[in-house]
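Below: one structure, written as C-alpha cells.
The values are calculated or read from the model by the stated rules, or taken from the named source; none is laboratory data. Note that the coordinates shown come from a computational prediction; the quantities given were computed from them, not determined experimentally. Methodologically, a virtual Cβ is constructed for each residue, glycine included, from the backbone with ideal geometry; neighbour enumeration extends over all protein chains shown.
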Amino acid sequence: MDIKDQFTQLPHTLSKLKIPRFRVIQPKRKNPPGQGPGTYYINDNALSSKLFVYSYDEEHLDELQTTSIDEALQFMAHYPERSHWLDIKGLGTQEVLNTMQIHFKVNPLVLEDVVNTYQRPKVQDYEDYLFITSRMLELDRGLQLKNEQLSFLLFPKLVISFQEDYDDVLDPVRNRLRKSVKGNIRALGASYLLYALMDTVMDHYFTIANRLGEELEMIEDHLYQKPRKLLMYRIQGVKKLVISMRRAAWPERDKLNELLRTNSVLITEDTKVFIRDAYDHSIQAIDLIESMKETASSLLDLYLSLISNKMNEVMKTLTIISAIFIPLTFIAGVYGMNFQRQDPVTGKVLANNMPELYIHNGYLYVLGGMLLIAIFQIWYFAKRGWFRD
C-alpha cells in the first residue's frame, strides 16, 4: 500500500496503520580528531568499486564496465581524441583510489574529501582540475531520504564521478549520451557533461519536493476531517525531510554561483550559459523547499489549534452539565440534612426546622421543581448560543 492509498483509507483504518519513520540516511563524521591532513580511512561497510566508462564524441559512444582501474585507463587511452566519463560506484577498493592519486596527480586532500562523504557542496580549483561535490537525494517508497555525496573531478576531456552506492539518479544523463547524437552533451565536451550531471541532481530535488508537497496536501485534507495523532507524526516527519533538503539545497546554489564566477579554463563560456540555467533551478528549488517548510509548520500549528478547539468543546460540554447539576445538587443537599420537625421524645415541635419533610407528595414536588430548574437552564443556555457549533 503506497502513501496515497493509506490516506484514502485513513478515516477507517488509521488505528491499524504503522507510523512511517521518515528517516534521513546520511553519513556522519567518524574520523578521529587530530589526524593529519590528507589522511583518510575506507569504511568497513563501503562497497567495492565498480567502474563505468563512457568515451564519446559527436559520432561515437563506447562503454565499458569493469572493476579494474587499469583496464578503464587503457580503454580511455584508446580514444585520446574523445571526451570521457569515468563513473566510479563504491568507495571500498583502495587500489582504485591509489591509482587515481598517482595517475591523475590528485591532491590527497581531495581523496580525503571523496572518501569522507559528509562534505557540503563546494568547488575547489586545483589549476589542472576542478574538484566539485554535490548532495544527491533519493526518496524511497517508505519515505526514507537518502542523502549521498556525489564528487566530481573535471579535467579538460574527462569527468570522474565518485559515489557511495550503486544506485543513483543519473540515468537520464546516460540515456542522453546514448541517444543524443550530435546533441550538446556530445558536442560541448566534459564541462557540459559536468553541468548535465549536476543539473540532473538538482532537478531530482523537484521530484522529491513535489512528492512531499502531495503528502502535505493530503495531510491538510484529513486534518479538517478529523485531527489525529498520526497526522501530527506525519507532519513532523515531512518537516524533518524538508529541513534535510534545505541543508543540501542552499550550498548547491552557492556552488553553482561559484562555478559561474570561476576563471578556470575548464568551464567554457558555452557551458556557463547552461550553468546559469541550473543556478536558476537551484533558486526555484530553494523557494519551493522554504514554502514547504512554512506549510509544514502551519499544518502543525493547525493541528494543535484543532486539538485545542476540540478540548474547548469538551470543556464546554462538561461546563454545561456542571452548571445544570449545581443547583440540583444544592437542593438535594439541603433536603438531605434531615432535621427533625418534632422532638421524638417529648413530641415538641422544633422551631425553624424543615416542615417540607412531612408534607404529602413532598418528594415529587422537589423532583418536579428540580426538573423545572433544569429545563429553564437548558432554555437559557440555548438562548445564549451555548449549544451552537
### Within the stretch 110-145, tally of residues that are surrounded by fewer than 18 Cβ atoms within 10 Å (Cβ to Cβ), among the charged types (D, E, K, R) and assigned to a strand (DSSP E or B)
3
### Query
Among Phe155, Phe162, Phe104, which is the only one that is without any contact (Cβ under 8 Å) to a residue 60 or more places away in the chain, of a type in the set (A, V, I, L, M, F, W, C) and closer than 24 Å to Tyr40 by Cα?
Phe104
### Query
Among the residues of the stretch 220-263 satisfying the criterion of being within 16 Å of Met202 (Cα to Cα) and among the basic types (Lys, Arg), which is surrounded by the most Cβ atoms within 10 Å (Cβ to Cβ)?
Lys255
### Task
Could you list all residues from the stretch 77-105 that are surrounded by 21 or more Cβ atoms within 10 Å (Cβ to Cβ) and closer than 18 Å to Leu188 by Cα?
Ser83, His84, Trp85, Leu86
### Task
Please tell me if Asp57 is farther than 20 Å from Arg186 by Cβ and at pLDDT below 95.
no
### Task
Output the residues belonging to the stretch 196-220 that are among the acidic types (Asp, Glu) and in contact (Cβ under 8 Å) with a residue 40 or more places away in the chain.
Asp199, Asp203, Glu214, Glu215, Glu220
### Query
Can you tell me which residue in the stretch 271-304 is nearest to the chain's Cα centre (by Cα), limited to those that are of a type in the set (Gly, Ala, Ser) and within 30 Å of Ala190 (Cα to Cα)?
Ala285
#### Entry: Filtered residues of the stretch 161-188 (kept if under 18 Å from Phe52 (Cα atoms), over 29 Å from the mean Cα position of the chain (by Cα) and crowded, with 17+ Cβ neighbours inside 10 Å)
Leu177, Ile185, Arg186
### Task
Looking only at the stretch 83-94, count how many residues are among the small types (Gly, Ala, Ser) and assigned to a strand (DSSP E or B).
1
### Message
Give me the residue from the stretch 222-275 that is of a type in the set (Asp, Glu) and in contact (Cβ under 8 Å) with a residue 60 or more places away in the chain and, out of that set, farthest from Leu302 (Cα to Cα).
### Response
Asp270
### Message
Condition (residue is in contact with a Leu (Cβ under 8 Å, 6 or more places away or on another chain) and in a helix (DSSP H, G or I)) applied to the stretch 157-165: is it met by at least one residue?
### Response
no
## Note on the structure
Within the stretch 68-82, the residues that are in a loop (DSSP other than H, G, I, E, B) and either in contact with a strand residue (DSSP E or B) (Cβ under 6 Å, 6 or more places away or on another chain) or of a type in the set (Gly, Ala, Ser) (or both) are Ser68, Tyr79, Arg82
### Summary
Reported set for the stretch 95-109 where residues are aliphatic (A, V, I, L, M) and part of a loop (DSSP other than H, G, I, E, B) is Val106
### Query
Under the condition of being at pLDDT below 95 and of a type in the set (Ser, Thr, Tyr), which residue from the stretch 155-190 is farthest from Ile88 (Cα to Cα)?
Ser180
### Task
Go through the residues of the stretch 345-355 one by one and say whether even a single one is farther than 24 Å from Ile219 by Cα, more than 50 Å from the chain's Cα centre (by Cα) and among the hydroxyl-bearing types (Ser, Thr, Tyr).
yes
### Query
Can you tell me which of Ser305, Ser297 is of a type outside the set (A, V, I, L, M) and at pLDDT 90 or above?
Ser297
